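The values are calculated or read from the model by the stated rules, or taken from the named source; none is laboratory data. None of the values given here were measured: they were computed from a predicted structure. Cβ placement follows ideal geometry from the backbone for every residue including glycine, while neighbour counts extend to all protein chains displayed. Accessible surface areas use protein heavy atoms only, side chains included; no ligands, DNA or RNA. Shrake-Rupley method; radii C 1.70, N 1.55, O 1.52, S 1.80 Å.
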Amino acid sequence: MTADSTPALVKQADADTEGPAPAGPAAARGPRAGNTKAYLRYVAAKILGAIVSLFAVLVTSFFLFRLIPSDPVKQMTGGRRVSTEQLQSLRHQFGLDQPMWKQFTSYVGDALTGDFGTSYQFHAPVMDKIVEALPATLLLTGTAYVLYSALGIWLGTRTAWRNGSTSDRFNTALALTLYSVPSFWLGLLLIIVFSVGIGPIPGIFPTGGLESGNETGFAYVLDVAHHMVLPVITLVAVGYAQTLLVMRSSLLDEMGSDYLTTARAKGLRDDAVRRKHAVPNAMLPTFTLMFVNLGHVVAGQILVETVFSWPGLGGLFYQGLSVPDLPLVQGLFFVFATAVILANTLADVLYPLLDPRVGR
């Protein structure tokens, strides 16, 4: 019997136009498959929801950090003896002597134009500091994102397809353990073991930072890679565990489906059934998770960057909280939330293209 190599989703889409709908998981016709206008309304609703969410974040970012019981002006003076007139002058300089409603309206108006004000501690525009720190965060979390997404999908597929085997039990238990471990604690543990050294294990990796500061050319690239090893391992250990568990659960739900039984009855090998039929449908929940994590690539991992003294947005946010540097933390909070909201909206918009049942 000849093996059919056409993916399940493609077959079902063809069947929708040629005859009765198939019984597979993607049989239902969604807004795009049945009606372009319905799909556009669906997209417009998602975009409108994202705009409302962004405005809510803008409001929240203003009031949230003003609940911190600390005086930014006194923190900036570093405990030095400063006259009342000097404190009042600083408050006037940063606009902290204005009524709350006026501070709020000024903040919203400026933020809508991309101006988040001037950092109290760095005396530079907040957006400039964000742009300066963004590449380091994208380098670290972007590298980790690619690694833990690929590893989680691969291991999640293998463990689910071999459900109940020794490798399945081991990988699932390890993933559950790593998923439960706080990332900052794991980072500190790696620093103790592989940076400081313990027992027979020598300290071979730097304790933190992006570079040593005395390398150029290809040696600089190797130096940065050397500094990235431990923070990347920390992020990958936690991230792959989440992806593995979601992928495994999704594939287990698909394994008893009738369309897989039909594919086997047609003579397809077990590997082809998994790769061409089961995995594409099981990828849908993992697809959503990957977009959520994509938003976190920009947000970075505040605790991990702080533990490893990584000069990215997470470390910058921690520095801002210590003052508190209100313009800085407000701007970073808005950027973090915007990245997550945009990634979620993009996932919502693309999801019906993969699963026509969405948005019916």
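If you go through the range 126-151, how many residues are touching a helix residue (DSSP H, G or I) at 6+ places or on another chain (Cβ under 9 Å) and without any contact (Cβ under 8 Å) to a residue 40 or more places away in the chain? Working first, answer last.
Start the filter on the range 126-151 by keeping residues that are touching a helix residue (DSSP H, G or I) at 6+ places or on another chain (Cβ under 9 Å), which leaves 126-127, 129-130, 132-134, 136-145, 147-151.
Subset that is without any contact (Cβ under 8 Å) to a residue 40 or more places away in the chain: 132, 150.
Qualifying residue count, the range 126-151: 2.
Scan Gly239, Gly217, Gly209, Gly256 and give me the residue that is at pLDDT below 90 and closer than 17 Å to Tyr148 by Cβ.
Gly239
Give the residues of the range 223-275 that are of a type in the set (D, E, K, R) and buried (at least 20 other Cβ atoms within 10 Å of the Cβ), sorted by residue number.
Passing the criteria: Arg248, Glu254, Arg274.
With the condition being modelled with pLDDT of 70 or more and of a type in the set (Ser, Thr, Tyr), I'd like the helices (runs of 4 or more DSSP H) fully within the range 33-125 carrying at least 3 qualifying residues. Let's see the steps before the verdict.
Working: elements: 36-64, 72-76, 84-93, 100-111.
Answer list for the range 33-125: 36-64, 100-111.
Given the conditions (1) in contact (Cβ under 8 Å) with a residue 24 or more places away in the chain; (2) part of a helix (DSSP H, G or I); (3) open to solvent by 80 Å² or more (accessible area, probe 1.4 Å); (4) of a type outside the set (A, V, I, L, M), report the number of the one that Thr159 does not fulfil.
(3)
Hey, does the range 175-184 have a residue that's touching a residue at least 40 places away in the same chain (Cβ under 8 Å), among the aromatic types (Phe, Trp, Tyr), open to solvent by less than 50 Å² (accessible area, probe 1.4 Å) and part of a helix (DSSP H, G or I)?
There is no residue in the range 175-184 that is touching a residue at least 40 places away in the same chain (Cβ under 8 Å), among the aromatic types (Phe, Trp, Tyr), open to solvent by less than 50 Å² (accessible area, probe 1.4 Å) and part of a helix (DSSP H, G or I).
Please go through the range 300-318 and give me each residue that is open to solvent by less than 50 Å² (accessible area, probe 1.4 Å) and either of a type in the set (Lys, Arg) or touching a residue at least 60 places away in the same chain (Cβ under 8 Å) (or both), ordered by number.
Result: Gly300, Val304, Glu305, Thr306, Val307, Phe308, Trp310, Gly312, Leu313, Gly314, Gly315, Leu316.
Exactly one condition in (1) in a loop (DSSP other than H, G, I, E, B); (2) loosely packed, with under 15 Cβ neighbours inside 10 Å; (3) not polar (S, T, N, Q) is false for Tyr220; which is it?
So Tyr220 meets the others, but not (1).
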